[in-house]
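Derivation of every value follows stated rules applied to the coordinates shown; laboratory data play no part. Just so it is clear, the structure is predicted and the values come from calculations on it, not from any experiment. Ideal geometry is used to build each Cβ from the backbone, glycine not excepted, and the neighbour counts take in all protein chains shown.
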Amino acid sequence: MSDVIRVERAGAVARVTMTRPEVRNAFNAELIAGLREAFERLGAEPGTALRAVVLAGEGKAFSAGADVAWQRAAMSLTTEENEADAARLQDMLAAIDECPVPVIARVHGAALGGGMALCCVADITLATADTIFGFTETKLGLVPAVISPFVLPRIGEGNARALFPTGERFGSGRALQIGLVHEVVPDESALDARVEALLAEIGSAGPNAARTAKALIRGQRDMTHDEARASTVRRAAQQRVSPEGQEGLTAFLEKRPPSWRQE
């Protein structure tokens, strides 16, 4: 798609890789636009065509935050221009967050600044044991404002209050403890093996069921308790009577794999 993004397909699995290894996949305008375009295009695909997306970074690090040259250029922008710039970053994160299929973040080396937001908009975040994390914006006299709507639901206010102001860097153990990542593995070889295992798990689930399961979680964010009850009851009933739900239950009773599962 561009010099900074590579999108590969293997059946119903897409792999989106940031390809700026010389700057540890730091954000600039082109990378932000490329990620947004990639996920918007993938998100528009039908359920049978796309089952999962793996987000990764080429080279020694997943993503080291903002590109120095991009930050330098922003110094000459007006407040209004900076707001537009920030909105583009937030739109990119929203495109990943709203991707209808499970997104797996393959994190290694470092995830700093905006790279932390990528960890938070992924559904499943895996990291190597030596990965370094940090909301490092305050070290530059800036604040992690744009990414905060995606980070706070993931790590909670208490952890954000401890980590946002200090800009402290921390290891994978703490990242696991606060819920930033879901699993920590020894090295990149183990990371790739775990990604493949998760893709197999996703592939064994009903395509529409997996999408609906993700959608019902996001959909309840702004619902009242009564609205959530009504919505979830309706979704459960609709899926049960759907062709996919009927096939899944029939296959279970007949002790055979469902039609969507490849053995």
When the convex hull of the C-alpha atoms of segment 5-202 is computed, what volume per residue in Å³ does it have?
107
What list do you get for 174, 36 if you sort them by fewest beta carbons within 10 Å?
174, 36
Neighbour net charge for residue 148 - beta-carbon separation under 12 angstrom, K R +1, D E -1
0
Considering only DSSP beta bridges with both partners in segment 1-62, what is the antiparallel share in %, to the nearest 5?
50
Going by average Cβ density within 10 Å per residue, which order do the peptides 156-165, 54-63 take, highest to lowest?
54-63, 156-165
Cα gyration tensor, segment 206-253 - rounded (a/c under 1.5), prolate or oblate:
prolate
Using DSSP, restrict attention to beta bridges with both residues in the chain and report what percent are antiparallel, rounded to the nearest 5.
25
Check cross-link reach from residue 139 to the lysines: straight Cα distance under 25 Å, and skip same-chain residues fewer than eight apart.
60
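Which whole number of Å³ per residue matches the convex hull of the alpha-carbon atoms in segment 4-107?
Numbers: hull volume 8.7 nm³, N = 104.
Residue-normalised Cα hull volume stands at 84 Å³.
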Label segment 158-236 by shape, choosing from rounded, prolate and oblate, from the square roots a ≥ b ≥ c of the eigenvalues of the Cα gyration tensor; if a/c is under 1.5 it is rounded, and otherwise prolate applies when a/b is larger than b/c, oblate when it is not.
oblate
Order 137-147, 234-244 from most to least packed using the mean count of other Cβ atoms within 10 Å.
137-147, 234-244
Can you give me the angle between helix 29-43 and the longest principal axis of the chain, using Cα atoms only, in degrees from 0 to 90, rounded to the nearest 10?
10
Give me the percent of DSSP beta bridges within segment 1-109 that run antiparallel, rounded to the nearest 5.
35
In degrees rounded to 10, the 0-90 angle between helix 188-203 Cα long axis and the longest Cα principal axis of the chain is 40
Enter the angle in degrees (range 0 to 90, nearest 10) between the Cα long axis of helix 148-163 and the first principal axis of the Cα atoms of the chain, meaning the one along which they spread out most.
60
Rounded if a/c under 1.5, otherwise prolate or oblate - segment 118-255, Cα gyration tensor axes:
oblate
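As a footprinting exposure proxy, order 189, 204, 172 by other Cβ within 10 Å, with the fewest listed first.
Ordered from fewest to most neighbouring Cβ atoms within 10 Å, 189, 204, 172 come out as 189, 204, 172.
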